[in-house]
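Okay, structure first, notes after.
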Amino acid sequence: MSRVSPPVRQGDELTLQIVDLAFGGQGVARVSGYVVFVDNALPDETVRARIRRVRQGYADAESLEIVAPSSLRVAPPCRYYGECGGCDLQHLARPAQAEAKRGQVTALLRRVAGLQDPPVREAVAAGDPLLYRFRIDFDWGASREGRSGLGLHRARHPADIVPVETCLLIPEAANRIRAFLERRAAEKGLAPRDPRRRRGLLRRSGIQVARTTGEILLTLETQRGDPPALLDLARETARAFPRIVGIVRREHDRHGRSVGASILHGRDHLFEEVDGDRMKIPAGAFFQPNATAWGLLRGAVEKELEAGREETVLELYCGVGFFTLAMARRCQQVVAIDVSREAVAAARDNAARAGLGNVRWLCRDAGEGLAELLEETRFDAILLDPPRTGLPPGAARVLARTAARRIVYVSCDPATLARDLGILVGEGSFRLRSVVPLDLFPQTHHVECVVRLERSAA
């Protein structure tokens, strides 16, 4: 059977009615049932668009003119918006961003997890709309004009770097450090890595800024090699920004694999406070990115988990103990697991500093020995906070058979969340009790979800 040709061709200019907002920030239009994704377009808008790319099942288009704008359209606050690929929803009012994400979560749970009526609550616009990020990673590379620089990836052209002078999602100190590194590295002849020519040293620069302590931690990711200019750059940066407590170098081989770390200045961690807990955060450990909504996220997880005084809780992907410390105060014991040695070591320190001795720490992959652990210890509740990739399939199936009464799943990717819920609900004896979407990533399409599952009665 021959395939039906798409009703549009590359280069076509069309007037389109936008009917939905896709996960990723593009408007959705239809031409004779055929889906067209349109940049910078919102539901209920009429736009003129040019078809950029055609596939069998859909097409991409660039917006040429907003013929009839939505009442929810706003002026983007960032001058790089549309050029920089970091944000994709600045043209949508903040409350509408949260509501759109709720709709996208619901659609993914229906389509991927097979849940016909998922209990998705109202989305919460959490924290501040700007200046909220605890950490940002700038990449070294070349701009479209060929100029070397340090910045963020260009929208739709991730090989190009946009050397943003001011990112509105981070504190001003981080922007000034970026500009200093870019200027002084060029003056010292330190070049960005060129993957095609296999030349250059600099790969990425991560900047973490603690709001309560004022400490700043800088991570320089590089290729192998020991040019004196790199140590000079670190020393000059530390002198120029006295709040920097540490500069860490992470080296990679030519295949991009991490091959070691060293301290170029100060220490390899900073301290931050969350709800009165003083947290040690190493350079390579994950920490929740929205510094203006830490209390709200912690509170949402505690509410859904409902850990009791006599209960034992299993936590997978504990990191440095962001949720662990709060849980340990409420329950009898926590068994906390993470694959990162530096994260677990910091978590131990954080728990000791808080005077908590009822946590058993295990450094290993989440799926390693999970079935045996669930057999030897009866857990009343389980907390999951996996990376964007979600749970390993084997771990999800083991968890689906656990005797725990409750599972709370904290997810930053609704697509992998839906995949995993399809296993936990579809192959186990759990039912989905609630999904709370938290808009922890305003101006972007990303969304955090706090999900509660309960074991069904036999």
Starting from the Cα of ARG199, step 7 Å along the direction of its Cβ; do the same at ARG388; then give the gap between the two resulting points in nm.
-> 3.1
Arrange the following residues from fewest to most other Cβ atoms within 10 Å of their Cβ: VAL120, VAL451, VAL112.
-> VAL112, VAL120, VAL451
What does the charge add up to near ASP277, with Lys and Arg as +1, Asp and Glu as -1, over the other residues with Cβ less than 11 Å from its Cβ?
-> +2
Rounded if a/c under 1.5, otherwise prolate or oblate - region 135-273, Cα gyration tensor axes | oblate
Considering only the chain, what is the antiparallel percent among its DSSP beta bridges, to the nearest 5?
-> 65
Per residue of region 172-184, in order, report the coupling 6.51 cos²θ - 1.76 cosθ + 1.60 (Karplus, θ = phi - 60°) as ³J(HN,Hα) in whole Hz, putting x for Gly and Pro.
-> 4, 4, 5, 5, 5, 5, 4, 5, 5, 4, 4, 5, 6
Name the long-range amide H neighbours of VAL36: under 5 Å, sequence gap of 5 or more, or other chain; modelled H, no Pro or chain starts.
-> ALA29, ARG30, VAL31, ALA59
Indicate the gyration tensor shape class of region 13-73 (rounded, prolate or oblate), computed on the Cα atoms with a ≥ b ≥ c the square roots of the eigenvalues: a/c under 1.5 is rounded; otherwise a/b larger than b/c is prolate and the rest oblate.
-> prolate
At 0.36 nm per residue, minus the direct Cα-Cα distance, what do ARG378 and ARG405 gain on full extension? Give it in nm, one decimal, please.
-> 8.7 nm
Is the shape of region 293-394 rounded, prolate or oblate, going by the alpha carbon gyration tensor and its root eigenvalues a ≥ b ≥ c, with a/c under 1.5 for rounded and a/b larger than b/c for prolate?
-> rounded
Cross-link reach from LYS280 to lysines, straight Cα distance under 26 Å and at least 8 residues apart if same chain, gives LYS303
Go from 0 up to the bin containing the longest alpha carbon distance in region 227-322, width 10 Å each, and give me the % of pairs per bin.
-> 12, 32, 29, 18, 8, 1
Mean separation of Cα contacts under 8 Å (at least 6 apart) over the residue count of the chain, i.e. the relative contact order in percent, is 13
Express as a percent, rounded to the nearest 5, the fraction of DSSP beta bridges in region 13-73 (both residues included) that run antiparallel.
-> 85
Go ahead and estimate [θ] at 222 nm for the chain from helices alone: -39,500 (n - 2.57) per DSSP H run with n ≥ 4, summed, over the residue count, rounded to 500.
-> -7000 deg cm²/dmol
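Bear in mind that the values in this text are calculations on the coordinates, not laboratory data. Only a predicted model underlies this, so the values are computations on that prediction, with no experimental measurement involved. All Cβ positions, even for glycine, are placed from backbone atoms using ideal geometry, and neighbour counts span all protein chains on display.
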